[in-house]
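Working notes, beginning with the structure itself.
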Amino acid sequence: MHRNALRRLLHARRLTVSLGAAALMAAGTATIAQTAAPAAPAASGGKLKVGFMLPYTGTYAALGTAIENGFRMYVGQQGGKLGGRDVEYFKVDDESDPAKAPENATKLIRRDQVDVVVGTVHSGVQMGIVKVAKENNTLLIIPNAGVDEATGPLCGANIFRSSFSNWQPGYAMGHVLAERGMKKVVTLTWKYAAGEQSVKGFKEAFESKGGKVIKELSLPFPNVEFQALITEVASLKPDAVFVFFAGGGAVKFVKDWQAAGLKDKIPLYGSGFLTDGTLEAQGAAAQGLETTLHYADGLTNARDKTFRLDYAKTYKLQPDVYAVQGYDAAQLLAAGANAVKGDMTRKAEVIKAMEAARVDSPRGAFTLSRAHNPVQDFYLRKVDGRENKLSSVAVKSLADPARGCRL
Ligand code: PHB
């Protein structure tokens, strides 16, 4: 194709994408305008307002949708009510863009006057939400982002997580590879909190048991130009590679790894986001990959069985870890809202009930640490067809160390 024509095509593509995003935002605003009642005091019989701040565009778009699906499904199962009040939803697309996080979180809290913010996926965006939620003393439930600070030095009474800390899945895999007698590992990830902190957790476990991370490689989020880095990994000849990638980027990485001819040469491991919600797109390239995560296919608890059936029926899709985390965010909120019969102004009681909750999760029941992060089992899984099949429990009841949290 002629170079100018190519440039025009690329420009048109970009325009379509940003127009698509703009249309989505406009649609969101329109819904809000139609449904928002004048800011009613939360104690009144008005609706309980939930603000989703999630990525609906970009490499993490599917993750945001799965979280919302899981959340809505639980509320739907309660007749659309929590604490006796109808639930009303507000939405912002955070675009996985940290720079826009404070403004987006402020919209939900100040303009829409939500009772609770449910967000988000991306660790960098999460930092902005945590700051705004603290300034406004708004209840926040984190349904994915693992940023260690949220349940570490920046922990707070009003901040809860239904997912994991970045440290946790990395630590579990470090433990597994050390037990397997691996000695030299190279790590590769996006250069932002999620990747860096996963690697830190991995390294802590792996090196404390005699392994050595010989090189830490990274590229900016959400770049997917993996080729040069893959070549560098191969030249280092490690025993194994540990990576953090997720969403669309994880699909591309796993395919590139196979295309480079390394699939059967250097063992590839990761936190489970590498292969969760992505298997259909990864196909043969993902077969046999082993990862660690707080969810797996093939668990045997009753809650997971009904959850999976209900999810498949409701959305015509198989659930993934993100759907589970959204579902559990709603369960956690229900524990608080039910304890005060929907009167979310009784904040101290809401928090106390959430802190004490035993969440009957599809991943297996969990409780929260004093920093409000799930204490949970981490599973070793292996890809088989379209499933991350359970192999074993890698680390039982793993609690994030919550360094720097003074709750
Ligand atoms: C994060 O940024 O914390 C993050 C994003 C996607 C994942 C996991 C963690 O799948």
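Any read-out appearing in this document is the output of simple, stated calculations on the displayed coordinates, not a laboratory observation. Here the structure is a predicted model, which is why all the values come from computation and not from measurement. Using ideal geometry, Cβ is built from the backbone for each residue, glycine included, and neighbour counts are taken over all protein chains shown.
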Please state the relative contact order of the range 342-407 as a whole percent: Cα pairs under 8 Å, 6+ residues apart?
22
Dipole in debye (nearest 20) - the chain, about Cα centre, beta carbon charges: Lys, Arg +1; Asp, Glu -1:
240
Please give me the summed charge of the neighbours of Gly326: other residues whose Cβ is under 11 Å from its Cβ, Lys and Arg +1, Asp and Glu -1.
-2
Sequence of Tyr315, Tyr89, Tyr327, Tyr56 once ranked by neighbouring C-beta atoms within 10 Å, starting from the fewest
Tyr315, Tyr89, Tyr56, Tyr327
Could you point to the residue in Ile266, Leu229, Gly210 farthest towards the positive end of the chain's charge dipole, with +1 and -1 charges on the Cβ of Lys/Arg and Asp/Glu respectively?
Leu229
Thr138, Thr189, Thr231 arranged by Cβ crowding within 10 Å, fewest neighbours leading
Thr231, Thr138, Thr189
Nearest 10 degrees is fine. How inclined is helix 302-315 to the longest principal axis of the chain, computing both from alpha carbons?
80
Assuming a ≥ b ≥ c are the square roots of the Cα gyration tensor eigenvalues, decide whether the range 300-407 counts as rounded (a/c under 1.5), prolate (otherwise, with a/b larger than b/c) or oblate.
oblate
Which residues does a label at Asp310 reach in the range 363-396, if reach means a backbone N under 19 Å from a point 7 Å past the Cα toward the Cβ?
363-367
With the cut-off at 1.5 for a/c, could you classify the range 248-377 from its C-alpha gyration tensor as rounded, prolate or oblate?
prolate
Count the lysine pairs in the range 277-401 whose Cα atoms lie under 16 Å apart, taking only pairs 8 or more positions apart in sequence or on different chains.
4
Report the label-to-label distance for Leu317 and Asp384 in nanometres (one decimal), using points 7 Å from each Cα along the Cα→Cβ vector.
2.5
Among Thr151, Thr345, which comes first, then next, by fewest other beta-carbon atoms within 10 Å?
Thr345, Thr151
I need the trypsin sites (Lys or Arg not before Pro) found in the range 276-337, filtered to DSSP loop residues with at most 11 other beta carbons within 10 Å of theirs.
Lys316
Could you compute the FRET efficiency for Ala99 and Val224, with r as their C-beta to C-beta distance and R0 at 25 Å, rounded to 0.05?
0.75
Antiparallel content of DSSP bridges confined to the chain, in %, to 5:
35
If packing is taken as the mean number of other Cβ atoms within 10 Å per residue, what is the order of 91-98, 380-387, highest first?
91-98, 380-387
Based on the alpha-carbon gyration tensor of the range 345-401 and its eigenvalue square roots a ≥ b ≥ c, which shape applies: rounded if a/c is under 1.5, prolate if not and a/b is larger than b/c, or oblate?
prolate
The chain, relative contact order [Cα under 8 Å, separation at least 6], %
17
So if I place +1 on the C-beta of Lys and Arg and -1 on the C-beta of Asp and Glu, and nothing else carries charge, what would the dipole magnitude of the range 150-214 be about its Cα centre? I want it in debye, nearest 20.
220
Order the peptides 65-76, 395-406 from the highest to the lowest mean number of other Cβ atoms within 10 Å of their residues.
65-76, 395-406
For a test of understanding, tell me how many lysine pairs in the range 106-224 have Cα atoms under 29 Å apart, given they are 8 or more places apart or on different chains.
29
Can you give the local net charge around Trp167? Use residues other than it whose beta-carbon is closer than 15 angstrom to its beta-carbon, Lys and Arg +1, Asp and Glu -1.
-2
Applying a 10 Å radius around every beta-carbon, put 362-369, 200-207 in order of their mean neighbour count, most first.
200-207, 362-369
Nearest 20 debye, what's the magnitude of the dipole of the range 78-150 about its Cα centre given +1 on Lys and Arg Cβ and -1 on Asp and Glu Cβ?
240
With an 8 Å cut-off on Cα pairs and a minimum separation of 6 or more residues, tell me the relative contact order of the range 255-386 in percent.
31
With only helices counted (DSSP H, runs n ≥ 4, each -39500 (n - 2.57)), the per-residue ellipticity at 222 nm for the chain, to the nearest 500, works out to -13500 deg cm²/dmol
